[in-house]
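Beneath this line is the structure, given in structure tokens, with notes to follow.
The values are calculated or read from the model by the stated rules, or taken from the named source; none is laboratory data. The model shown is predicted, which means the values in this text are computed figures rather than measured ones. Here the Cβ positions follow ideal geometry from the backbone for every residue, glycine too, while neighbour counts run over all protein chains shown. With ligands, DNA and RNA removed, areas are computed over all heavy atoms of the protein, side chains included. Shrake-Rupley method; radii C 1.70, N 1.55, O 1.52, S 1.80 Å.
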Amino acid sequence: MSEKFQAIVIGGGPGGYVCAIRLAQLGFKTACIESRGTLGGTCLNIGCIPSKSLLNLSEEFHKVKNLSSKGIEIGEVKLNLQKMMKSKEKAVTILTKGVEFLLKKNKVTYFKGTGSFKTKNEILIKDEKNNETLVEADNIIIATGSVPVSLPNIEFDEEVIISSTGALKLGKVPNKMVVVGGGYIGLEMGSVWSRLGTEVHVIEFLDHITPGMDKEISTEFMKILKKQGINFHMQHKVEKIEKKKGGATVSSKDKNGNKKDFDCNVVLISVGRKPNTSGLNLEKIGIELDDKKRIKTDSSFKTNLDNIYAIGDVITGPMLAHKAEDEGVAAAENIAGQSGHVNYDTIPGVIYTTPEVACIGKTEEQLKEKKIKYKIGKFSFMANSRAKAIDDAEGFVKILADEKTDKVLGAHLIGPHAGELIAEIGIAMEFGASSEDIARTCHAHPTFSEAVKEAALSVEKRAIHS
């Protein structure tokens, strides 16, 4: 006999557990299935949270080592990598346990195991001991996330050839690391190990890092990372990776066909992620996929089967935890007959390096492509009193506004606390604000957020402090 629910969510990551909680709040008898053994998905277990912990700890280590230049003498600074990793794991454990508590608090039934479709209403759950449980529901939401992609014919061993998962668990600081791919994840993890003493080389196929980001920000970002000691090899294609004693050799070719080999201890392959749909038995029930193996959905997150929905990394759109969360809430509300909606024009993206990089809305390149006329407002953190006072003044704020209406179309930041500052612009864009609306809003002094106000003033060439 199977246990009956009104809704079942497959996947306990940011999209899945949020969706399950929202369904329970809306009065549905809900279950959540997670194969990992702990909730929170990639984000909490092997992604956002542990990487941010290591980014913060490595930055603290770097700061302390350089405090003498600020007049604070503290003697020799030593790295204890094992303690640092334990601190990271502690943060992960607290947060994953917290999610489990939230499911319990909201009366969501939590199943540990791998779920697969038996029919369009039935899910077979296998736990780690191969015990089987059959559950059924009127509505099923697929939220199984994504997994790292490797290069053709190259497999992760998570020791020498590693994904982001392995980069979070290295037992010692490598002398030399090659990062294949100049995107968000590679640059974050490269920054961590660079600050801890590793010589880092980034190999990128394109002529710029962070594909899809505003080019001006991307250029400034690479300039700053170079200054921090990270080496870049642009327009290089990796041809093969050969493991050897003590590491690997990465063979590449530049745009002119010249070959270049890199000897290293560790290779971090960071070339993207793919939807995690294997083992779900989607073909058995006839769920349609697109050409990138993502689940096809309509605007309400419904698949081609009326009672099955999909959210997060398994569908189209940026593979971001906060995007999945918003989709989880919207899907739950749609199932309840409400009008759940996600505004994809106001989903921010953040890179948590030092300095941070954040973006929202359209880039200059996208506006030019769409032939939309726009105005630019820019303000440097070098002219921001708070940033100068604490010697953290690299970067700038850039706001793009419609030439006629002054409506904010996008914003791109590189600098201190950019990931927090972008939220103000997100709210402004949700309300259809103009750059003048931001400019005329009183900002506390001295704060980093004043740089946002000054950039908004700069749209009409009336910044005060530049």
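Things worth noting here:
- Considering residues of region 295-321 that are in contact with a helix residue (DSSP H, G or I) (Cβ under 7 Å, 6 or more places away or on another chain) and in a helix (DSSP H, G or I) only, the residue least open to solvent (accessible area, probe 1.4 Å): G312
- Of the residues making up region 322-337, those that are over 15 Å from I21 (Cβ atoms) and either open to solvent by less than 40 Å² (accessible area, probe 1.4 Å) or touching a residue at least 40 places away in the same chain (Cβ under 8 Å) (or both) are H322, K323, N334.
- With respect to the conditions (1) surrounded by fewer than 20 Cβ atoms within 10 Å (Cβ to Cβ); (2) farther than 23 Å from K88 by Cβ, E199 falls short on a single one, namely (2).
- Criterion (within 24 Å of the chain's Cα centre (by Cα), under 28 Å from L225 (Cβ atoms) and modelled with pLDDT of 95 or more) met by exactly one of I399, I427: I399
Every residue, every condition in (1) out of contact with any Leu (no Cβ under 7 Å at 6 or more places or on another chain); (2) open to solvent by less than 20 Å² (accessible area, probe 1.4 Å); (3) not small (G, A, S), yes or no:
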| position | (1), (2), (3) |
| --- | --- |
| A418 | yes, yes, no |
| A428 | yes, yes, no |
| A433 | yes, yes, no |
| I438 | yes, yes, yes |
| A444 | yes, no, no |
| V452 | no, yes, yes |
| A456 | yes, yes, no |
| R462 | yes, no, yes |
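- Those residues of region 274-289 which are surrounded by fewer than 19 Cβ atoms within 10 Å (Cβ to Cβ) and assigned to a strand (DSSP E or B), in sequence order: K274, L289
- Close pairs (9 angstrom Cβ cut-off, 6 or more residues apart or separate chains): closer than 22 Å to L67 by Cα in region 381-400, of a type in the set (S, T, N, Q) and open to solvent by 60 Å² or more (accessible area, probe 1.4 Å) anywhere: M382/S466
- If you filter region 352-396 down to residues that are of a type in the set (S, T, Y) and open to solvent by less than 70 Å² (accessible area, probe 1.4 Å), you find that the one that is nearest to K227 (Cα to Cα) is T354.
- Entry remark, region 128-161: residues being under 29 Å from N307 (Cα atoms), of a type in the set (D, E) and at pLDDT 95 or above number 3 in total.
- Count of region 253-273 residues, restricted to those that are touching a Leu at 6+ places or on another chain (Cβ under 7 Å) and open to solvent by 50 Å² or more (accessible area, probe 1.4 Å), is 1.
- Hits in region 18-34 - residues which are open to solvent by 30 Å² or more (accessible area, probe 1.4 Å) and either touching a strand residue (DSSP E or B) at 6+ places or on another chain (Cβ under 8 Å) or part of a loop (DSSP other than H, G, I, E, B) (or both): L26, G27, F28, K29
- Here region 148-196 is the region considered, the condition is being under 29 Å from I217 (Cβ atoms) and among the charged types (D, E, K, R), and the residue that is surrounded by the fewest Cβ atoms within 10 Å (Cβ to Cβ) is K176.
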